[in-house]
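Throughout, read-outs are computed from the coordinates displayed, never taken from laboratory work. Computed from a predicted structure; not experimentally measured. Ideal geometry is used to build each Cβ from the backbone, glycine not excepted, and the neighbour counts take in all protein chains shown.
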Amino acid sequence: MIEFENVSRVYEGGITALKDVTLSISPGELVFLSGHSGAGKSTLLKLIAGIERPSSGTLTVNGHDIGRIKPTGIPFLRRNLGLILQQHHLLMDRSILANVMLPLLVTGELKSEAEKRARAALEKVDLLDRSDTLPAALSGGEQQRAAIARAIVNRPQIILADEPTTSLDRESAKKVFDAITFFQSAGVTCLIATHDDQFVERASRVIHLRQGQLTGTSSSLTPAVTA
Amino acid sequence: MNNWLRQHAFAFGSALNLLRKGFGNFLFNVLVLSATLALPFAGLTVLDNVQSISSQFAVDPEISVFMGLDTPREKAAALEPAIRRIVQAESRNVDISFISREKALESLNQKSGISDVIATLGVNPLPDGYLIRIGRNEGNTVTFARIEDIGKQLEKLPNVQKVQIDSAWIKRLAALLRVLQSALIFLAGTLGLVVIAVTFNTIRLQVLTRVDEIAISRLVGATRSFIRRPFYYMGALLGLAAGTVALGMVALALLPFNAAIADLARLYSSELQFAPLSVLPSILMLLISAALGWIGAVLSVNRHLRLIG
């Protein structure tokens with residue numbers, strides 16, 4: 001499903017964000033990306049989402065070669081991905097329902113059908129009663145759950161979450177992870193970049209990054225194995 | 001096809017929503033653009049009316065028919081019934097005068113003051129001829145095109161050497177209209193650029209205030225077209241609204257203008273009224289206005305989406 005083969009990402013000025021990363025992620029896995037700030041976790045997720053391109057190596061996502069995909073193909077790649085970012089990236093002048101409907105409307109889905117599916121997604125993250133509320137009226141945890149609802153409304157094959165529980169209290173963070181693991185249990189591949197190791201036992205695999213390099217992988221219950 | 005229509009309907013709805021949110025700004029922009037468009041629309045209205053009126057101006061045109069120099073007097077004189085038949089087919093109010101070559105020479109001597117020069121010729125160089133004056137036919141006017149037809153028929157008569165239509169004033173008017181037309185094209189082109197520039201700037205502001213929305217839409221899989229379409233529709237709607245207001249402004253301006261024109265025309269025992277543009281030209285003008293708005297939006301969106309990455 002996701003294949004990194006000697007992938008590097010070098011920014012202008014020669015700053016290396018990822019170096020020679022080789023890894024494979026199978027369908028249905030819940031993978032945590034672990035590492036300090038600047039380790040390359042966000043870059044790895046951005047590469048998978050086609051927000052950035054590898055400087056070298058080959059990255060394949062759902063059969064798409066990210067290095068070669070045309071700009072016109074990127075939107076269609078993203079329709080099979082659910083993105084949950086650190087900043088919730090909700091439209092602040094639209095209701096939660098309208099925010100969650102957006103990924104469906106961009107595909108040309110009927111408004112009535114989009115609304116139906118958006119309400120179902122909000123129900124799954126326990127936010128249906130807040131659907132007509134503006135994001136500013138929600139807590140940080142609720143906003144993040146709304147972002148999760150938006151990420152899964154399109155029934156993606158992969159969910160990418162970048163620090164989804166930053167600045168959330170333990171209870172809110174738990175609800176966010178509960179929501180993500182719910183979709184993983186339904187067969188969605190989930191990649192979560194996080195500092196938060198309190199829920200690491202839920203992961204099927206933890207990938208450790210340091211200064212852009214893969215330093216090891218471990219199952220949630222075993223210590224890291226040096227790559 | 002359904003999906004394509006749905007996407008366009010969604011984009012149109014989004015554009016209306018954007019306009020509704022900034023309705024005050026939209027109205028102000030419509031006012032600016034309609035004032036810009038009103039000028040060429042007014043010019044077009046005037047030109048259209050003048051062209052229409054000039055093609056049926058109430059005039060008493062004169063046609064001079066010259067015989068060959070060697071045409072005997074009795075044959076020249078015998079042409080009058082044939083001439084009358086041709087001319088009266090267009091107008092019953094006709095004055096046909098036979099001008100003998102002697103009378104023509106006498107008239108030339110009196111008017112030109114070159115009698116000495118003519119006297120040195122020793123012979124009369126002028127032919128016999130007819131002077132035809134065509135008046136109004138029961139209030140209806142004879143168009144210039146019909147006068148030309150009459151001229152062509154007269155040329156075919158036996159012994160007729162030349163037919164001359166006094167059309168200088170019509171030619172002058174046609175030349176003046178051509179100048180007006182060129183000026184109008186220049187004016188319309190220049191002001192069309194102004195419309196594009198104003199729309200460009202309006203859409204630029206819309207794009208810049210929606211950077212977050214654009215970024216999020218891209219993240220959830222929106223195509224370039226999906227992001228751009230609402231702005232295109234917005235530009236077209238802006239142009240269309242401005243065109244509609246401009247047409248209304250010109251129609252309103254005609255009311256006092258027509259009152260003044262009617263006073264002037266009355267002095268010449270005539271009736272003259274300028275009409276607003278008819279339906280088809282009006283629709284064309286609205287389409288052009290919408291197209292100018294669309295072009296401004298396309299240029300703006302292309303430029304600013306590229307700049308914000």
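Can you give me the C-alpha center-to-center distance between segment A:20-55 and segment B:1-36, rounded to a whole angstrom?
41 Å
Using alpha-carbon pairs under 8 Å, 6+ residues apart, how would you state the relative contact order of chain A in percent?
After rounding, I find 28 percent.
Using a cut-off of 17 Å between alpha-carbon atoms, which lysines can reach A:K46, once sequence neighbours fewer than 8 places away in the same chain are excluded?
Of all the lysines, those that pass the test against A:K46 - Cα under 17 Å, at least 8 places apart if same chain - are A:K19, A:K70.
Can you tell me what the convex hull of the Cα atoms of segment A:90-155 projects to on average, as an area in nm²?
Averaged projected hull area, Cα only: 3.8 nm².
I need to check one value: relative contact order of chain B, counting alpha carbon pairs closer than 8 Å and at least 6 residues apart, in percent.
28 percent
Rounded, prolate or oblate: which fits segment A:43-171 when a ≥ b ≥ c are the square roots of the eigenvalues of the alpha-carbon gyration tensor, with rounded for a/c under 1.5 and prolate only if a/b beats b/c?
oblate
Give me log10 I(q)/I(0) at q = 0.10, 0.12, 0.13 Å⁻¹ for the protein assembly as shown, Debye formula, one equal scatterer per alpha-carbon, no solvent.
Relative scattering, expressed as log10 I(q)/I(0), comes to -0.90, -1.11, -1.20.
Work out the FRET efficiency for B:V211 and A:A120 from their Cβ-Cβ distance, taking R0 = 35 Å, and round it to the nearest 0.05.
Efficiency at R0 = 35 Å is approximately 0.70.
Would you mind computing Rg(Cα) / (2.2 N^0.38 Å) for chain A, counting N as its residues?
Working it through for chain A, the quotient is 1.00.
Listing A:E201, B:E155 from the residue with the fewest other Cβ atoms within 10 Å to the one with the most, what is the order?
A:E201, B:E155
Which whole-number percentage describes the relative contact order of segment B:62-166, with Cα contacts under 8 Å and a sequence gap of 6 or more?
Here the relative contact order equals 49 percent.
Give me the Kirkwood hydrodynamic radius of segment B:62-166 in Å, from all C-alpha pairs, to one decimal place?
Computed over Cα pairs of segment B:62-166, the Kirkwood hydrodynamic radius comes out at 14.7 Å.
Can you pull the semi-axes for chain B, root of five times each eigenvalue of the Cα gyration tensor, sorted largest first, whole Å?
Value: 65, 19, 18 Å, ordered largest first.
Could you tell me what a quarter of the Cα convex hull surface of segment B:195-274 works out to, in nm² with one decimal place?
Here the figure is 7.1 nm², rounded to one decimal.
³J(HN,Hα) across segment A:107-113 via Karplus (A = 6.51, B = -1.76, C = 1.60, θ = phi - 60°), whole Hz, x for Gly/Pro?
Working through the residues one at a time gives 8, x, 5, 4, 4, 5, 5 Hz.
Please list the non-local residues whose amide H lies under 5 Å from the amide H of A:I159, H modeled 1.01 Å from N, same-chain partners needing a gap of 5 or more.
Counting only residues 5 or more places away or on other chains, the set is A:G82, A:T189, A:C190, A:L191.
Going through segment B:238-289, which chymotrypsin sites (Phe, Trp or Tyr not before Pro) have at most 12 other Cβ atoms within 10 Å and a DSSP loop state?
Sparse-neighbourhood loop chymotrypsin sites (Phe, Trp or Tyr not before Pro): B:Y268.
In what order do B:V298, B:V195, B:V179 fall by count of nearby beta-carbon atoms within 10 Å, going from fewest to most?
B:V179, B:V298, B:V195
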